[in-house]
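Student: Got a structure for you, written out below as structure tokens; questions coming shortly.
The values are calculated or read from the model by the stated rules, or taken from the named source; none is laboratory data. Just so it is clear, the structure is predicted and the values come from calculations on it, not from any experiment. Here the Cβ is made from the backbone with ideal geometry for all residues, glycine too, and neighbour counts use every protein chain on show. Note: accessible area is taken over every heavy atom of the protein model, side chains too, but ligands, DNA and RNA are not part of it. Shrake-Rupley method; radii C 1.70, N 1.55, O 1.52, S 1.80 Å.
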Amino acid sequence: MALSRDQIAMRVAKEFRDGNYVNLGIGIPTLAANYVPEGIDVMLQSENGLLGMGRYPTEAEVDADMINAGKETVTAITGASIFDSAESFAMIRGGHVDFTVLGAFEVDVNGNIASWMIPGKLVKGMGGAMDLVAGAKNIIVTMTHADKRGNSKLLQECSLPLTGVNCITSIITDLAVLEVKDGAFHLLERAPGVSVDEIREKTAGKLVVEGDVPEMQLD
Amino acid sequence: MSGFDKVVTSYDDAMDGLKDNMTIIAGGFGLCGIPEGLINQVKKMGTSGLTIVSNNCGVDGFGLGVLLEDKQIKKMVSSYVGENALFEKQLLNGELEVELTPQGTLAEKMRAGGAGIPAFFTATGYGTPVGEGKEVKEFNGRPYILEESITGDFAIVKAWKADRYGNCVYRHTAQNFNPMAATAGKITVVEVEEIVEPGELDPTQIHTPGIYVDRVIQGTFEKRIERKVLAKEER
């Protein structure tokens, strides 16, 4: 069975280590905050200028001056810091954020990512995505393995305008966990009940499968 | 010390000197930390052909979005502009130009502009449409693109408190682009929630030193919230 959005987020959260600073993009990445394993503390970075983002506020806590990068009302945890946008991107660009998790339209075997622009559709902007992929030490891309029409999003070469080049090393989809290296996708884990053949069929770029591929552990 | 008193008492005085075709750098992230009254003053003045440098362009009917109503904006330099229908319409029919700029690059362009640095190299945008036509240079085996900094004829800034000398502090994430914007205007105007006397703000806690600030005005703020999301148990 292909993973649900929450299950993808669950698998992402297993990558986090105690003491990591993590930036989570909008969508599935944000859900990963709900599944941080017991005994692991991570500090969430929100690129509008907040390190130590907390939960959503209660009605009484709502404050127009406290928002996240998705422009949603938020709170700060004890020990948080708040700063300006140049400082925020200094820590991103300077490689101080341990993990960035973000969505994508396409990823290719050379670690290129396309996530912000579909020609012919209105382009709203890249926000902080280009800075994040240029700066984080570890980037995890979360997405469905194929689009709604069944077209693979894991390609030999991205067809859409890029967000960044040679920057993606790790992909977690609804079907698999893959590493990107040496010009290929390397299959590390498969979703419970999903066959290697199905993953192979839905991966358009070069796929390397070595030995028995284990199923993901979600809990 | 009257030469250092930056306080003005009317919005006319606050934006005096603004002319058609000027560049305005505006602080704010979405609707958070925006100089609401100064934007409304630009609307009232009817100045047109403006280039606005700001992370976003407000929403329909609020924030920088109001400047679209009378087509006062010629060009936006922003990282994300998807929140208003009027923006989309003017963009699609060619009345509005937009230069999409990565958020961190935008912040750094303002910071560098205010700091007297004309350009800088960054890895952000290399190999993407943003890097097209820009100079590339390798450092330690990695390619970087040359990005030019930005200064404005005006900078409009929203701070929490300022003293009469223009020393400013911001509140929570309403800080965002405001401190960089404040450094990058030929004329920097700060709209604040509270004006205090010099000495009332702790000198070690000042975010924007008064040297960057030309005018301070007491504002009133609606502080509209773009996306109110509550904790699970209260939904």
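Student: Below 19 Å, Cα to Cα, which aspartates and glutamates can A:Lys14 reach? Residues fewer than 8 away in the same chain don't count.
Tutor: Within reach: A:Asp6, A:Glu38, A:Asp41, A:Asp98, A:Asp174, A:Glu179, A:Glu189, A:Glu215, A:Asp219.
Student: Dipole of chain B, Cα-centred, from +1 at each Lys and Arg C-beta and -1 at each Asp and Glu C-beta, to the nearest 20 debye?
Tutor: On the way: 25 positive and 33 negative charges, 73 e Å.
That gives a dipole near 360 debye.
Student: When the accessible area of the stretch B:84-228 is split by element with a 1.4 Å probe, what percent falls to carbon and sulfur? Intermediate values should be presented prior to the final figure.
Tutor: Details: 3030 of 6440 Å².
Roughly 47 percent, rounded to a whole number.
Student: Here is a further query. Taking the Cα centre of each part, how many Å lie between the stretch B:22-86 and the stretch A:178-217?
Tutor: Taking the Cα centre of the stretch A:178-217 as reference, the centre of the stretch B:22-86 is 47 Å away.
Student: Turning to a different aspect of this structure: Leaving ligands, DNA and RNA out of it, work out the accessible area of B:Met22 with a 1.4 Å probe and give it in Å² to the nearest 10.
Tutor: Here the accessible area works out near 40 Å².
Student: Nearest 100 Å² is fine: how much accessible area is buried between A and B, summed over both sides, with a 1.4 Å probe?
Tutor: Numbers: alone 11300 and 11890 Å², together 19240 Å².
Heavy-atom accessible area buried at this interface is about 3900 Å².
Student: Right, next: Can you sort A:Thr142, B:Thr151 by 1.4 Å-probe accessible area, starting with the largest?
Tutor: Details: A:Thr142 5, B:Thr151 80 Å².
Most to least solvent-accessible, the answer reads B:Thr151, A:Thr142.
Student: Set the bar at 19 Å for Cα to Cα. Now go through B:Lys19/B:Lys44; A:Lys148/B:Lys89; B:Lys19/B:Lys89; A:Lys121/B:Lys134 and name every pair that lies beyond it. If you can, show how the numbers build up before the last one.
Tutor: Numbers: B:Lys19/B:Lys44 13 Å; A:Lys148/B:Lys89 29 Å; B:Lys19/B:Lys89 25 Å; A:Lys121/B:Lys134 25 Å.
Beyond 19 Å between Cα atoms: A:Lys148/B:Lys89; B:Lys19/B:Lys89; A:Lys121/B:Lys134.
Student: Oh, and also: Starting from the Cα of B:Lys74, draw a straight line to each of the aspartates and glutamates and keep only those under 14 Å, dropping any in the same chain fewer than 8 residues away.
Tutor: Counting by Cα, and skipping residues close in sequence, B:Lys74 has these aspartates and glutamates nearby: B:Asp20, B:Glu88, B:Glu95, B:Glu97, B:Glu99.
Student: Using Cα springs under 10 Å in a Gaussian network model of chain B, which residue among B:Pro179, B:Pro209, B:Pro35 shows the largest mean-square fluctuation?
Tutor: B:Pro209
Student: Note down the net charge around A:Asp41, summing +1 for each Lys or Arg and -1 for each Asp or Glu among other residues with Cβ under 14 Å from its Cβ.
Tutor: So the environment of A:Asp41 carries a net charge of -2.
Student: If the only charges are +1 at each Lys and Arg Cβ and -1 at each Asp and Glu Cβ, what is the size of the charge dipole of the protein assembly as shown around the Cα centre, to the nearest 20 debye?
Tutor: On the way: 43 positive and 63 negative charges, 144 e Å.
So the magnitude is around 680 debye.
Student: Would you please name the chymotrypsin sites (Phe, Trp or Tyr not before Pro) within the stretch B:1-84 that are DSSP coil residues with at most 16 other C-beta atoms within 10 Å of their C-beta?
Tutor: Numbers: sites: B:Phe4, B:Tyr11, B:Phe29, B:Phe62, B:Tyr80; in loops: B:Tyr80.
Listed in order of number, the matching sites amount to none.
Student: Under a point-charge model restricted to the Cβ atoms of Lys and Arg (+1) and Asp and Glu (-1), what is the dipole moment magnitude of chain A relative to its Cα centre, in debye to the nearest 20? Can you show the working numbers first?
Tutor: Details: 18 positive and 30 negative charges, 132 e Å.
Its charge dipole is roughly 640 debye.
Student: Post the alpha-carbon centroid distance, the stretch B:181-227 to the stretch A:113-130, in whole angstrom.
Tutor: 33
Student: Choose one of A:Ala204, A:Phe16, A:Leu187: the residue whose Cα lies farthest towards the positive end of the charge dipole of the stretch A:5-208 (beta-carbon charges +1 Lys, Arg; -1 Asp, Glu; about the Cα centre).
Tutor: Going by the charge dipole, the pick is A:Ala204.
Student: Mind listing which GluC sites (Glu not before Pro) in the stretch B:105-212 are in a DSSP loop and have 16 or fewer other Cβ atoms within 10 Å?
Tutor: Passing sites in the stretch B:105-212 are B:Glu132, B:Glu135, B:Glu200.
Student: At 1.4 Å probe size, with no ligands or nucleic acids counted, give the accessible surface of B:Asp60 in Å², nearest ten.
Tutor: 80
Student: Taking the stretch A:84-160, which GluC sites (Glu not before Pro) meet the DSSP loop condition and have no more than 12 other C-beta atoms within 10 Å?
Tutor: Numbers: sites: A:Glu87, A:Glu106, A:Glu157; in loops: A:Glu157.
Here the GluC sites (Glu not before Pro) that fit, given the DSSP loop and packing criteria, are A:Glu157.
Student: Can you tell which of A:Gly111, A:Ser159, A:Gln7 lies farthest toward the positive end of the dipole of chain A, using +1 and -1 charges on the Cβ of basic and acidic side chains (Lys, Arg; Asp, Glu)?
Tutor: A:Ser159
Student: Say the dipole of the stretch B:52-211 comes from +1 at the beta carbon of Lys and Arg and -1 at that of Asp and Glu; which of B:Ile211, B:Gln175, B:Gly133 then lies farthest toward its positive end?
Tutor: Going by the Cα projections, it comes out as B:Gly133.
Student: Quick one: accessible surface of B:Tyr212, probe radius 1.4 Å, all protein chains present, in square angstrom to the nearest 10.
Tutor: Near enough 90 Å² of accessible area.
Student: Just the number, please: carbon plus sulfur as a percent of the accessible area of chain A, 1.4 Å probe, no ligands or DNA/RNA counted. Working shown, then result.
Tutor: Details: 4440 of 9270 Å².
C and S fraction of accessible area: 48 percent.
Student: Also, quick follow-up: Does any residue of the stretch A:36-57 lose at least 20 Å² of accessible area with all protein chains in place compared with its chain alone, and if so which ones (probe 1.4 Å)?
Tutor: Buried on complex formation: A:Asn48, A:Tyr56, A:Pro57.
Student: Averaged across the residues of A:132-140, what count of C-beta atoms belonging to other chains lies within 10 Å of each residue's C-beta? List each step's numbers first, then the result.
Tutor: Values: counts 4, 5, 12, 4, 0, 0, 0, 0, 0.
The per-residue average across the peptide is 3.
Student: Ignoring ligands, DNA and RNA, what accessible area per residue does the stretch A:5-208 give at 1.4 Å, in Å²?
Tutor: Numbers: 8110 Å² over 204 residues.
Solvent-accessible surface per residue comes out at 40 Å².
Student: In Å², and per residue, what accessible area does chain B have when probed at 1.4 Å with the other protein chains present?
Tutor: Values: 9970 Å² over 235 residues.
In whole numbers, chain B has 42 Å² accessible per residue.
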